[in-house]
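The values are calculated or read from the model by the stated rules, or taken from the named source; none is laboratory data. Just so it is clear, the structure is predicted and the values come from calculations on it, not from any experiment. So basically every Cβ, Gly included, is an ideal-geometry build from the backbone, and we count neighbours across all protein chains shown.
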Amino acid sequence: MSIGGIMRTSVSGMNAQATRLGTVAENIANSDTTGYKQSQTEFSSLLLPQNSGGYNSGSVQAQVRTLISQQGGISYTGNSTTAQKIDLMVNGNGFFVVGDGSGGNYLTRAGSFTQQPDGSLVNAAGFTLQGYPVEADGTDNVLNGFGGLQDVNLSSALLSANPTTKGTLTTNLDEASDIVLTASNVLPSENAAAAPNTTVTYTAFSSIQVYDNSGKAVKLDIYYTKTAANTWEMTVFDGSQASSTSASTTAPFPYLASGTAVAPLTTSVLEFETSKYSLSSIVQDGGTAIAVNPDADDGVGNGIITIDVPGGGTMSLNISDTTQFTEDFLPLKAEVDGNPAEVIDKVSTSKDGTITATFTSGTTRDLFKVPLALVNSPDNLEPLAGNVYSAGVESGTILMGFGDSGGFGEIISGALEDSTVDLATELTTMIESQRSYTANSKVFQTGSEILDVLVNLKR
């Protein structure tokens, strides 16, 4: 065994302990960093080839491993209802996807995001939260990559008007109502155009408010008229075209546009089961009868009529739960989407990552859906500056999904994940490393003294 070998071995020992102390220092420095994962140093021996003439001392190699899969504790912050500050946490498997502003996407567990002047949500390291915009037909997500992701930006929704595209109207029609149509009366669908003072017959009336493309409120007047046993006519008019009491003795009929009587927006014939309470079929605007199946998942035959909203788009109105009990006319449910031009009052984030804005009028709108990313071996992700990770061959390919489903953890709003660093453990490790470093330095010092003895032999 050479004296140089003794010194090289002890130097490798000191370097290994210095690496271990470096990880301890980094862990302690990040003991309060949101979503930080503690690092550990593991040692492995390096052996040199041996021969019968002597022993060659080897060395030690230090390898740093980050325990990324370790779950941190929960700290509730309450920052969950304002657009200016949103705190999110993953409880379980998965990572948030963030962008660096240059097209790069990374994974992180640090979920403290603050709204920037441009409306984007950025964490303390400057990375922007990524999500899928929620469209009328859902989200366009990709399972095995970052395709379709966009910066979560709330500025476009700070002042937002959305037209009504769908709604639900549930009423009970009184089965005991009389069939009041006579030769001298007309149905609402006829609108009494030729004879303004002709009596318009209807059984029940209600109205709902929807929104056009500019966010303007549009009143829809809805008339129900019993025309035969188990048969009703449902007629919808634009409320702004109703006659005033000064213009007609049968107000709100006739409905007029530029002084001319107009047809209703839609007319449907409702047929009920012989049991007299369940809606069985709908004939809209003289078309083909469509059987009502409230439990249909494909949207076919599920009791939906369409209405062209004045100044807006086509609205799908679900009336499948309309009933015909022997009870007074009773509106049971009236819900529509869309909203007038207004600002966001508060936001909320669900377990599956859906960010929903509640506007000042009380209407709500889903803005983004924040996904989670999974890899097969999270501990082999590459840690980068900013408390983010990069996926590679060693970690496995990325699988995208949503919280609280398919093995993904749930997203907790108003909470942050604590650092996984335990200060007591780190201080203990620091003491151990200090003593090991000192022992290796003594070996080096001894080797140096032996070398001095060898050099002094010549004197």
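Here LYS226, LYS219, LYS166 are screened, and the one residue that is within 28 Å of SER275 (Cα to Cα), of a type in the set (D, E, K, R), assigned by TED's automatic domain parsing to the domain that holds ALA257 and at pLDDT 85 or above is LYS226.
Among residues of the stretch 102-113 being more than 16 Å from the chain's Cα centre (by Cα) and surrounded by fewer than 22 Cβ atoms within 10 Å (Cβ to Cβ), the one that is farthest from GLY147 (Cα to Cα) is SER102.
Within the stretch 1-39, the residues that satisfy the criterion of being modelled with pLDDT of 85 or more, of a type in the set (Val, Ile, Thr) and not in a loop (DSSP other than H, G, I, E, B) are THR9, VAL11, THR19, THR23, VAL24, ILE28.
Within the stretch 41-48, at least one residue is part of a loop (DSSP other than H, G, I, E, B), loosely packed, with under 15 Cβ neighbours inside 10 Å and outside the structural domain of ASN93 (by TED's automatic domain parsing).
Selection of the stretch 359-378 for residues being modelled with pLDDT of 85 or more and closer than 24 Å to ALA415 by Cβ yields ASP366, LEU367, PHE368, LYS369, VAL370, PRO371, LEU372, ALA373, LEU374, VAL375, PRO378. Restricting the stretch 387-411 to residues that are among the hydrophobic types (A, V, I, L, M, F, W, C), over 15 Å from VAL142 (Cα atoms) and touching a Gly at 6+ places or on another chain (Cβ under 9 Å), which is surrounded by the most Cβ atoms within 10 Å (Cβ to Cβ)? Checked the stretch 387-411; the qualifying residue surrounded by the most Cβ atoms within 10 Å (Cβ to Cβ) is ILE411.
Does GLY99 satisfy the criteria of being surrounded by 15 or more Cβ atoms within 10 Å (Cβ to Cβ), more than 15 Å from THR34 (Cβ to Cβ) and of a type outside the set (Val, Ile, Thr)? When the stated conditions are applied, GLY99 passes them. Examine the stretch 398-408 for a residue that is among the hydroxyl-bearing types (Ser, Thr, Tyr), touching a residue at least 24 places away in the same chain (Cβ under 8 Å) and either under 18 Å from GLY72 (Cα atoms) or in the same structural domain as PHE95 (by TED's automatic domain parsing) (or both), and state whether such a residue exists. For the stretch 398-408, residues among the hydroxyl-bearing types (Ser, Thr, Tyr), touching a residue at least 24 places away in the same chain (Cβ under 8 Å) and either under 18 Å from GLY72 (Cα atoms) or in the same structural domain as PHE95 (by TED's automatic domain parsing) (or both): present.
Would the stretch 336-356 turn up any residue that is among the hydroxyl-bearing types (Ser, Thr, Tyr) and without any contact (Cβ under 8 Å) to a residue 12 or more places away in the chain? Yes, there is a match, as at least one residue in the stretch 336-356 is among the hydroxyl-bearing types (Ser, Thr, Tyr) and without any contact (Cβ under 8 Å) to a residue 12 or more places away in the chain. Among the candidates GLN116, GLN130, the residue that is over 30 Å from LEU220 (Cα atoms) and surrounded by fewer than 18 Cβ atoms within 10 Å (Cβ to Cβ) is uniquely GLN116. The single condition from (1) surrounded by fewer than 21 Cβ atoms within 10 Å (Cβ to Cβ); (2) closer than 25 Å to GLY126 by Cβ; (3) within 25 Å of the chain's Cα centre (by Cα) that LEU384 fails is (3).
A single member of PHE237, PHE205 is modelled with pLDDT under 95, touching a strand residue (DSSP E or B) at 6+ places or on another chain (Cβ under 9 Å) and not in a loop (DSSP other than H, G, I, E, B), and it is PHE205. Looking only at residues in the stretch 171-187 that are of a type in the set (Val, Ile, Thr) and surrounded by fewer than 18 Cβ atoms within 10 Å (Cβ to Cβ), the one that is modelled with the lowest pLDDT is THR182. Exactly one condition in (1) under 23 Å from LYS216 (Cα atoms); (2) free of Cβ contacts under 8 Å to residues at least 24 places away in the same chain is not met by ASN318; state its number. Just one mismatch for ASN318, condition (2). If we keep just the residues of the stretch 240-291 that are closer than 28 Å to ALA176 by Cα and among the aromatic types (Phe, Trp, Tyr), which is surrounded by the most Cβ atoms within 10 Å (Cβ to Cβ)? Here the residue is PHE253.
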